[in-house]
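Notes for the one structure printed next.
The values are calculated or read from the model by the stated rules, or taken from the named source; none is laboratory data. Predicted, not measured: the structure shown is a model, and the values here were computed from it. With ideal geometry, Cβ positions are generated from the backbone for all residues, glycine too; neighbour counts draw on all protein chains shown.
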Amino acid sequence: MPDLLLELFSEEIPARMQARAASDLRKLVTDGLVERGLTYEGAAAYAGPRRLTLDIRGLLAATPTRREERKGPRADAPAQAVEGFLRATGLTRDQLEVRADKKGDLL
């Protein structure tokens, strides 16, 4: 499993702010990783007068595959509505499926 070392250089960080800055960096980065489905074994943050360092161990090499389904317009909707949905999703007409719903057939 890969490791990640993030080191930020800056102007002089006052001593009273170093520990808080390091813990905030750790929290923000690790929370962002978990939100995106990347887990890790451990993270440690370090601070010095001119740098903040974050060491993340055992990071997943890739995000897990995720399947997302979106309801589109009705199957009998005007062509403009279908084209707008295709542009928004980045799909082609051939990739759409027609599914029955309580409101009728949807793409």
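What the table below lists for this structure:
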read-out	value
Criterion violated by Leu106 - all others in (1) within 16 Å of Met1 (Cβ to Cβ); (2) touching a Lys or Arg at 6+ places or on another chain (Cβ under 6 Å); (3) not assigned by TED's automatic domain parsing to the domain that holds Asp24 satisfied	(1)
Flag for Asp24 being surrounded by fewer than 11 Cβ atoms within 10 Å (Cβ to Cβ) and at pLDDT 90 or above	no
Among (1) hydrophobic (A, V, I, L, M, F, W, C); (2) over 14 Å from Leu4 (Cβ atoms); (3) surrounded by fewer than 18 Cβ atoms within 10 Å (Cβ to Cβ), the one test that Val34 misses	(2)
Output for the stretch 91-102, where each listed residue is of a type outside the set (A, V, I, L, M) and within 14 Å of Ala81 (Cβ to Cβ)	Arg93
Residue check for Ile13: β-branched (Val, Ile, Thr), surrounded by 10 or more Cβ atoms within 10 Å (Cβ to Cβ) and assigned to a loop (DSSP other than H, G, I, E, B)	yes
First in the stretch 86-107 and in contact (Cβ under 8 Å) with a residue 12 or more places away in the chain and more than 15 Å from Arg70 (Cβ to Cβ), second anywhere and hydrophobic (A, V, I, L, M, F, W, C) and surrounded by 10 or more Cβ atoms within 10 Å (Cβ to Cβ), Cβ under 6 Å, 6 or more apart	Asp105/Ala75; Asp105/Val98
For Arg74: the one exception among (1) in contact with a helix residue (DSSP H, G or I) (Cβ under 9 Å, 6 or more places away or on another chain); (2) not assigned by TED's automatic domain parsing to the domain that holds Lys102	(2)
Every residue from the stretch 43-71 that is among the small types (Gly, Ala, Ser) and surrounded by 10 or more Cβ atoms within 10 Å (Cβ to Cβ)	Ala43, Ala44, Ala45, Ala47, Gly48, Gly58
